[in-house]
Amino acid sequence: MIPPRHDSGQAFPIYLTVVAGLLFLALAYLAVGQGAVNRSGAQTAADAAALAAAQDARAQLTADWLRVLTDPTKWQDVFEGRVPVDDPCPRAGQLAAQNDALLRACGSPEALTYEVDVETNKSVGRSVVPGTENFRSRASATAVVDRLCSFDPPHEGVKGDALPRLSCDGGTVWEPDPDDPSDLPKPEDLFDVHLGRLTSER
């Protein structure tokens with residue numbers, strides 16, 4: 001008489017192998033998800049830092065415009081970013097830190113354009129993928145300051161009461177009056193700040 005085959009005993013190792021494989025895949029997908037979250041955090045920090053730098057520069061440009069308000073021959077230099085501004089990168093570093101990241105690079109490759117590079121403070125974390133416990137995501141972003149207003153340049157030497165009107169996006173027209181500072185345009189009325197080209201992410 002032939003003894004019965006113990007199929008259940010033979011299938012058990014196969015079952016364990018399949019379960020172990022599925023568990024490994026699940027952990028691998030988890031590591032991928034952790035990496036995606038880390039990269040997303042890095043990009044958020046980079047965007048915030050770049051915008052902060054551009055907004056700081058916008059505020060300084062507006063202050064410069066107010067200083068030369070009665071001399072419209074100098075307005076064009078302000079609106080085109082041809083006046084010196086204090087380094088806005090410290091402000092970018094503050095925003096990066098608020099988003100749990102470190103500002104690694106910050107600069108202005110051209111007028112009214114600000115580029116930053118950040119790295120997350122936290123690593124992806126330990127996982128089945130070797131090396132993730134030391135991996136920190138980096139991301140870059142660019143922010144741009146765009147002028148919103150135009151004006152007819154005055155004749156050389158015209159100052160004081162003969163101030164040009166500012167025609168701004170959306171059809172808004174400002175008639176600056178040095179004697180009424182409460183009715184002068186704000187930074188967001190004169191310049192728009194927005195994200196530009198993203199340079200890299202890894």
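Just so it is clear, none of the values below were taken in a lab; they were calculated from the coordinates. Please read all numbers here as calculations on a predicted model, not as lab measurements. Ideal geometry is used to build each Cβ from the backbone, glycine not excepted, and the neighbour counts take in all protein chains shown.
Going by average Cβ density within 10 Å per residue, which order do the peptides 74-81, 166-173, 89-96 take, highest to lowest?
Details: 74-81: 17.1, 166-173: 12.1, 89-96: 21.1.
The most tightly packed comes first, giving 89-96, 74-81, 166-173.
Counting each pair of different Cα atoms once, what's the Kirkwood radius of the range 40-126 in Å, rounded to one decimal? Please report the intermediate quantities before stating the final value.
Working: mean 1/r = 0.0721 Å⁻¹.
For the range 40-126, inverting the mean 1/r across all distinct Cα pairs yields 13.9 Å.
At full extension, SER167 and ASP146 could sit 6.1 nm farther apart than now, given 0.36 nm per residue minus the alpha carbon distance. If the segment from GLU175 to GLN98 were pulled out straight at 0.36 nm per residue, it would be longer than the present Cα-Cα gap by 23.8 nm.
Taking amide hydrogens as placed 1.01 Å from N in the peptide plane, the amide H of LEU102 sits under 5 Å from those of GLU119, THR120, ASN121, each at least 5 positions away in sequence or on another chain.
Counting only other residues whose beta carbon sits under 13 Å from that of ARG82, what net charge do I get with K and R as +1, D and E as -1? Net charge around ARG82: -2.
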